[in-house]
Amino acid sequence: MKDQYLIDADDPLHDLDTPSAKAFAVRDRNDQDAHLFALICTPGLPTRMSLMYQLRLDDTPGSLPLLEWGTVFWPPINQETMVVIYRRPLGGNVANVIDAGDFKINEYEVQETFIEPMYRTIKSFSNRGIFHREIRVDNLYFMDQERLEVVLGDCVTCPPGFDQPGVYESLERNMSSQAGRGIGNSADELYALAVTVVALVVGREKIEKIDADEVIYSKIENGSYTALVGKQKMVNVLMEPLRGMLTDNPGERWDFPEVDLWLDGKRQTPMQRKFSNKIENPFLFMDREFRNPRSLAHAFSKNIGKAAIAIKEDELDLWLRRTTDEGELADQIKSTVDLARTHSGNFRGSDPYLVARACIQLDPAAPVRYKDVAFIPESIGAVLAVELLRKGNMDAVTQALNYALPEIWFKMTSEITRDPASLDHESTFGRIRTYLQNRSIGFGAERCLYELNTSLPCLSPLVKDQYVTEIVDLLPALDDIADSVDNKLDPFDDHVVAFIAARFKEHIEPHLQALSEEKRASQLIGMLSLMAFMQWKLKIESLFALSSWIGGLLGPTVKTYYSRTTRGDIEGEMPQIVRKGSMPELFNLIDNADKRAIDANGYVVARNDYALAEEQILEIQETDLSSKEKTLEIGQRYGAITSVILALLFVSITFIVDSFNG
């Protein structure tokens, strides 16, 4: 990679793997003594490329040093993919070292060994607008062989929070799908730090192996601190900061000022929210008792069919009004049920929509939940990409967007502080839904995918193996595969055009309109004109194979000329132009404005001549030739005229010959 780093596909380093990226040994040509390793990213999974830029430029203490990144052809998967080069931690992975019995956790030394260095790194990141979002025990490393320096591991090879076991995520993000957890903020970073400390003290297995839904129910009903620590005794020095950083309402959770005070030895009393778990008459759903709307909403989201039945029945309305004193909430749910009954013939009457809307009303701080996806609104781009990667389609997410579920989420109010990044993201959803509802090529779900994931490569089957992330590399990538694909296919499919529309920051609407025309010739001219514009604007060198490919498809465009002579000239010149590899020249040959004007004018003249001749024929046909006398008269007239013309011609020739002989 970059003519410097040699990645050994035969030397895996499993102890440095992450859930989404495999680790391999690296040799640096410029520094043979350097200890490095590479993480091979999963193709199609969004990476945090903007963060790669920042981390490469700034060597942050307490973080695994990122040296380089780029794309390489990776033989084990037979395609190009993203690779990130890190300096290798000589002391190994903290979780593995602990599991092997080579490092013992001392509760009284946790603050100095783990909390303080991690906290400094989190704070340094936050000061630069960076959130790590992958803080957990098995992503901690000892940078030195003596195991004195602890650093945070990779955070760029997957979407934010994607590799985290759910227990490390704050409650609302814990409820989300892996890709739907969002960028988060400093409060989420400190929450993950606190869970990491608990896992180090009580044991990682005890924390990470808790059933995913059970830990959510426990966090809702008992609070995160009790859910994670339980009856385990925690040393006094750790209880205060852990309670503060594990407070479930983000607005009440400890942030940097509170942690700084604690590190300075100033005691505080973290706010402890009282949970409504002493309701005498719980709501019974699927043989489980629920004592507050939040936990019930989570259960509803996991069991849509049965939830829809429960939502429509009177028992829920009575429970909300009488038991929880949530009359306003009961009115909202009733309105949603009435809406579903009124619109039984469309999506508003469907069970998934009914349950999704009711869940937002029951728990407005939770993620948007529709069918089997759940997402903090700000994370929508990553959710689209992962759904496509795993299922081959984005249907559930695009339906949630088309049905305006995020907008319903934004309109709700909540006592619990909601995700600030999502609130800043609200204006995005109107634009995205406009793209979704446009059926033309260059729009739809594919356009949303690339607009919302700036580091995602083009996923067209034509070029996905080449990992094209930059618009300048797209046409050369098509050129590379032109000789190995079916030349009857178009070089521009839905993904390619959407990728161009999102990444090529020029005015291309006329080209997109032409590509969306029903006539095949118009589509081809739109495709060629866009290629020509891109090659010229991006200063791309000759594209010989791609030129030949597109040239072989242009027959219908040549036939749009009226003149047979012009069509023949174009067909004759085309091979020579194709061999130049220049799309602008090829476009000029096919759709030259002057040539079009001459052809059109010639066609008009020809039409007029034809119309005149037709009139003359009609005039003759309408003349009364039924009379023998009339026919004879006309014949004699034309015969006389012809005789005069021949006589004049004879006299002229005689005169010329005599003059010449004279």
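Checking residue 73 against (1) touching a strand residue (DSSP E or B) at 6+ places or on another chain (Cβ under 6 Å); (2) farther than 29 Å from residue 223 by Cα; (3) touching a residue at least 40 places away in the same chain (Cβ under 8 Å): exactly one of these is not met. Which one?
It fails just one condition, (3).
For the range 223-239, name all the residues that are of a type outside the set (S, T, N, Q), more than 21 Å from residue 295 (Cβ to Cβ) and part of a loop (DSSP other than H, G, I, E, B).
The first filter runs over the range 223-239 and keeps only residues of a type outside the set (S, T, N, Q), leaving 223, 225, 227-231, 233-235, 237-239.
Going one step further and asking which of them are more than 21 Å from residue 295 (Cβ to Cβ), we end up with 231, 233-235, 237-239.
Across the range 223-239, the qualifying residues are 231, 233, 234, 235.
Answer with yes or no whether residue 151 is assigned to a strand (DSSP E or B), among the hydrophobic types (A, V, I, L, M, F, W, C) and in contact (Cβ under 8 Å) with a residue 24 or more places away in the chain.
yes
Would you point out which residue out of 267, 253 is in contact with a Phe, Trp or Tyr (Cβ under 8 Å, 6 or more places away or on another chain) and modelled with pLDDT under 95?
253
Each row is one residue, and each column tells you yes or no for (1) touching a Lys or Arg at 6+ places or on another chain (Cβ under 6 Å); (2) closer than 20 Å to residue 140 by Cβ; (3) β-branched (Val, Ile, Thr).
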position: 49; (1), (2), (3): no, no, no
position: 61; (1), (2), (3): no, yes, no
position: 66; (1), (2), (3): yes, yes, no
position: 72; (1), (2), (3): no, no, yes
position: 98; (1), (2), (3): no, yes, yes
position: 102; (1), (2), (3): no, yes, no
position: 106; (1), (2), (3): no, yes, no
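Taking residue 104 as meeting all but one of (1) closer than 30 Å to residue 234 by Cβ; (2) of a type in the set (Lys, Arg); (3) in contact (Cβ under 8 Å) with a residue 24 or more places away in the chain, write down the number of the exception.
With (1) closer than 30 Å to residue 234 by Cβ; (2) of a type in the set (Lys, Arg); (3) in contact (Cβ under 8 Å) with a residue 24 or more places away in the chain applied to residue 104, the lone miss is (3).
Residue 189 passes all but one of (1) touching a residue at least 40 places away in the same chain (Cβ under 8 Å); (2) closer than 22 Å to residue 15 by Cβ; (3) part of a helix (DSSP H, G or I); (4) not hydrophobic (A, V, I, L, M, F, W, C); which number fails?
Residue 189 satisfies all of (1) touching a residue at least 40 places away in the same chain (Cβ under 8 Å); (2) closer than 22 Å to residue 15 by Cβ; (3) part of a helix (DSSP H, G or I); (4) not hydrophobic (A, V, I, L, M, F, W, C) except (2).
Residues being assigned to a loop (DSSP other than H, G, I, E, B) and either touching a Ser or Thr at 6+ places or on another chain (Cβ under 8 Å) or surrounded by 10 or more Cβ atoms within 10 Å (Cβ to Cβ) (or both): count how many of those fall in the range 253-272.
7
Does the range 515-526 include one or more residues that are over 30 Å from residue 473 (Cβ atoms) and part of a helix (DSSP H, G or I)?
no
Can you name the residue in the range 589-612 that is within 21 Å of residue 531 (Cα to Cα), in contact (Cβ under 8 Å) with a residue 12 or more places away in the chain and not charged (D, E, K, R) and, of all such residues, is surrounded by the fewest Cβ atoms within 10 Å (Cβ to Cβ)?
Among those residues, the one meeting the criterion is 589.
Is it the case that some residue within the range 377-385 is under 25 Å from residue 185 (Cβ atoms) and part of a loop (DSSP other than H, G, I, E, B)?
no
What's the number of the condition residue 374 fails, among (1) outside any strand (DSSP E or B); (2) in contact (Cβ under 8 Å) with a residue 60 or more places away in the chain?
If we test residue 374 against (1) outside any strand (DSSP E or B); (2) in contact (Cβ under 8 Å) with a residue 60 or more places away in the chain, just (1) comes out false.
Taking residue 242 as the residue in question, decide whether it is touching a residue at least 60 places away in the same chain (Cβ under 8 Å), buried (at least 18 other Cβ atoms within 10 Å of the Cβ) and in a helix (DSSP H, G or I).
When the stated conditions are applied, residue 242 does not pass them.
Against the conditions (1) within 30 Å of residue 47 (Cα to Cα); (2) over 28 Å from the mean Cα position of the chain (by Cα), where does residue 366 fall short? Just the number, please.
(2)
Any residue at all in the range 431-454 that is surrounded by 19 or more Cβ atoms within 10 Å (Cβ to Cβ), touching a Pro at 6+ places or on another chain (Cβ under 7 Å) and closer than 30 Å to residue 84 by Cα?
yes
Is it true that residue 396 is within 15 Å of the chain's Cα centre (by Cα), in the same structural domain as residue 351 (by TED's automatic domain parsing) and part of a helix (DSSP H, G or I)?
Yes.
Could you grab me the full set of residues in the range 202-233 that are touching a residue at least 60 places away in the same chain (Cβ under 8 Å), more than 26 Å from residue 125 (Cα to Cα) and more than 32 Å from the chain's Cα centre (by Cα)?
Result: 221, 228.
Among the residues of the range 1-15, how many are of a type in the set (Phe, Trp, Tyr) and in contact with a helix residue (DSSP H, G or I) (Cβ under 7 Å, 6 or more places away or on another chain)?
0
Could you grab me the full set of residues in the range 518-534 that are farther than 16 Å from residue 591 by Cα and either in contact with a Phe, Trp or Tyr (Cβ under 6 Å, 6 or more places away or on another chain) or modelled with pLDDT of 95 or more (or both)?
Answer for the range 518-534, where residues must be farther than 16 Å from residue 591 by Cα and either in contact with a Phe, Trp or Tyr (Cβ under 6 Å, 6 or more places away or on another chain) or modelled with pLDDT of 95 or more (or both): just 534.
Are there any pairs with C-beta distances below 7 angstrom linking a residue in the range 554-569 that is among the basic types (Lys, Arg) to a residue that is loosely packed, with under 14 Cβ neighbours inside 10 Å, with the two at least 6 apart or on different chains, and if so which?
Every condition considered, the pairs that remain are 567/559.
For the range 561-573, check the following and say yes or no: at least one residue is in contact with a Leu (Cβ under 7 Å, 6 or more places away or on another chain) and within 20 Å of residue 490 (Cβ to Cβ).
no
Mind telling me which of the residues 106, 96, 127 ends up being polar (S, T, N, Q) and under 30 Å from residue 456 (Cα atoms)? First the steps, then the outcome.
Working: 106 fails: under 30 Å from residue 456 (Cα atoms); 96 fails: under 30 Å from residue 456 (Cα atoms).
Criteria check complete, one pass: 127.
Does residue 162 satisfy the criteria of being part of a loop (DSSP other than H, G, I, E, B) and either without any contact (Cβ under 8 Å) to a residue 40 or more places away in the chain or not assigned by TED's automatic domain parsing to the domain that holds residue 360 (or both)?
Yes.
I'm checking my understanding of the structure. Among residues of the range 53-92 that are of a type in the set (D, E, K, R) and surrounded by fewer than 16 Cβ atoms within 10 Å (Cβ to Cβ), which one is nearest to the chain's Cα centre (by Cα)?
Looking at the filtered set, the residue picked out is 58.
Take the conditions surrounded by 15 or more Cβ atoms within 10 Å (Cβ to Cβ), modelled with pLDDT of 95 or more and within 20 Å of residue 457 (Cα to Cα) and apply them to residue 471. Does it pass?
When the stated conditions are applied, residue 471 passes them.
Can we say residue 62 is of a type in the set (Gly, Ala, Ser), modelled with pLDDT of 95 or more and touching a strand residue (DSSP E or B) at 6+ places or on another chain (Cβ under 7 Å)?
Spelling it out, it is not the case that residue 62 is of a type in the set (Gly, Ala, Ser), modelled with pLDDT of 95 or more and touching a strand residue (DSSP E or B) at 6+ places or on another chain (Cβ under 7 Å).
Quick one: would you say residue 95 is surrounded by fewer than 22 Cβ atoms within 10 Å (Cβ to Cβ) and without any contact (Cβ under 8 Å) to a residue 40 or more places away in the chain?
When the stated conditions are applied, residue 95 does not pass them.
Of the numbered conditions (1) surrounded by 13 or more Cβ atoms within 10 Å (Cβ to Cβ); (2) farther than 23 Å from residue 373 by Cα, residue 322 satisfies every one except a single condition; which is it?
Just one mismatch for residue 322, condition (1).
The values are calculated or read from the model by the stated rules, or taken from the named source; none is laboratory data. Note that the structure is a prediction, hence the values are computed from the model and not measured. All Cβ positions, glycine included, derive from the backbone under ideal geometry; neighbour counts span all protein chains shown.
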